[in-house]
1. Mind sorting Arg264, Arg302, Arg212 by how few other Cβ atoms lie within 10 Å of their own Cβ, fewest first?
2. List residues of region 238-266, by number, whose backbone nitrogen lies under 18 Å from a label position 7 Å along Cα→C-beta of Asn283.
3. Taking the alpha-carbon centroid of each part, what is the distance from region 350-371 to region 269-313 in angstrom?
4. Stokes-Einstein D for the chain at 10 °C, 1.306 mPa s, Kirkwood Rh over Cα pairs, in µm²/s?
5. How long are the semi-axes of the ellipsoid equivalent to region 91-239, from square roots of 5 times the Cα gyration tensor eigenvalues, in whole Å, largest first?
6. FRET efficiency for Ser265 and Thr103, Cβ-Cβ distance as r, R0 = 51 Å, nearest 0.05?
7. Quick one: what does P(r) look like for region 45-148 with 5 Å bins over all Cα pairs, in whole %?
8. Taking the Cα centre of the chain as origin, work out the dipole magnitude from +1 charges on Lys and Arg Cβ and -1 charges on Asp and Glu Cβ, in debye rounded to 20.
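We did not get these values from a lab; they are worked out from the coordinates using the rules stated. This one's a predicted model, so the numbers in the text were calculated from it and none came from an experiment. Positions of Cβ are generated from backbone atoms using ideal geometry, with glycine treated the same way; all protein chains shown enter the neighbour counts.
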Amino acid sequence: MTNSTSDSPSPSPSDDAPRSAISRRSVLTSSALAVPAVLLTTTSPAFAASGVSLTFDRSAYSGVECSTITGATVSASDNGAAAAGVAVTVLLGDGYTFANGGTSATGTTDSGGSYPVPDITVPSGGGSSSITASAPNASSASAALSGTPSGPVYLEGGVVKRAVGVPADSTPAFHSVFLTTDKRLVDGYDGTVLASDVDSLGQMIFAAGVWRAPLAKTDGSCTYLENGTEQPSQTTGDPDGYSYFLGGTASNGATGQDLAYNNRSWGAVISDTEGLMFPIAKNDGLCSWVQDDNEILAPSGRNPVAGSLFEDGGSIFHGNDSAALAQDVKTIGASYSDGTGYRIPLEKNDGSFTYLQSGTETTATGVPSGSKPECSSYFLTSDNRLIDGASATELAKEVEKVGRSAYNGTVERTPLTITSRSC
């Protein structure tokens with residue numbers, strides 16, 4: 001079993017609300033005294049009375065800026081039956097164009113009542129728009145269009161936002177923060193440089209009203225970020241999470257306190273209603289976890305995962321509990337916590353996917369076979385789509401790398417890199 005360490009794409013917009021209509025029965029009733037019924041039937045166009053309507057095969061289409069949206073189809077039906085030979089006009093706007101550069105396309109439905117829409121080019125910067133289809137004497141149809149930025153981005157509220165001031169070759173770290181190739185930590189929210197000469201870093205954790213993230217510098221010293229301000233650490237070691245540094249000795253760099261000794265390996269920091277915690281495996285086979293800077297013994301022979309969670313034989317246990325929270329686990333993704341709860345994505349031995357949410361295992365939805373757990377309840381598919389297994393929402397396409405979801409006391413964000421494109 002391995003631990004993975006790693007596009008909100010963004011969620012598809014909802015369909016346009018249906019327009020209200022006066023019933024045919026009401027119209028005929030109100031006009032019967034003024035116009036003879038025979039006159040109505042002889043002067044109304046036969047095609048309009050047939051009930052031809054248009055629909056798109058999807059309510060929304062999305063793509064990355066400067067990429068191509070393919071496969072959209074308009075269908076025509078006449079009272080539920082496929083309508084062939086209907087002349088369809090499709091229109092675009094807001095910078096979206098067809099492959100020939102135009103914003104309109106025309107065609108005729110085939111014997112199955114379908115018209116394949118030409119490929120659509122997403123404009124630079126993406127953005128939201130719509131696509132509409134119309135035909136003479138037929139009801140029209142529309143669908144949403146959305147385009148996401150490429151390069152360094154971050155997810156916030158399920159929406160993909162372009163990172164500000166982050167070079168294209170940077171690595172997503174946590175929240176909206178990226179590590180550049182010249183060792184700077186840059187917050188893509190506003191381009192602020194949070195630290196320089198960063199060799200390695202741990203997870204950003206929110207607890208006790210502040211967020212912290214531990215850093216190891218290229219000169220061998222250690223620091224930690226507190227609400228975006230770099231502070232000197234009173235201890236050294238491998239940065240884990242919050243202000244904790246791990247090695248043979250586990251310590252809190254903010255206080256200088258040594259917390260645990262004789263350590264062989266350790267897991268990620270979690271902050272929830274039980275406290276601020278991380279698990280440890282000792283060189284002598286014993287296990288423990290540190291909770292609010294106090295060490296608590298756990299059953300020996302287990303592998304530390306996160307918080308007070310340990311793995312043994314493909315099962316995940318909480319601290320001293322003998323009942324497994326999850327079983328038959330193959331791969332464990334990175335944890336996310338916000339001070340009140342946590343989420344960890346899991347791949348099972350049978351190829352299915354679940355996630356732990358504050359101790360409860362839940363089946364992930366909308367995650368295809370061959371995906372891998374990334375962080376929180378997020379999974380990366382084999383075709384590089386990021387899926388939220390908690391809602392089956394496709395968050396982003398063409399995803400190259402995923403950082404760790406983090407909470408800063410106000411908002412949850414996740415940094416990503418999406419295949420860079422230019423128009």
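1. Working: Arg264 14, Arg302 20, Arg212 25.
With the sparsest Cβ surroundings first, the list reads Arg264, Arg302, Arg212.
2. 238, 246-251, 258-266
3. The distance from the Cα centre of region 350-371 to that of region 269-313 comes to 23 Å.
4. Details: Rh = 24.4 Å.
In µm²/s, the coefficient is 65.
5. On the way: eigenvalues 489, 44, 25 Å².
Ellipsoid semi-axes (Å, largest first): 49, 15, 11.
6. Details: r = 58 Å, r/R0 = 1.14.
After rounding to 0.05, the efficiency reads 0.30.
7. Using 5 Å bins, I get a P(r) of 3, 14, 25, 23, 16, 10, 7, 3, 1, 0 for region 45-148.
8. Numbers: 23 positive and 43 negative charges, 255 e Å.
For this selection, approximately 1220 debye.
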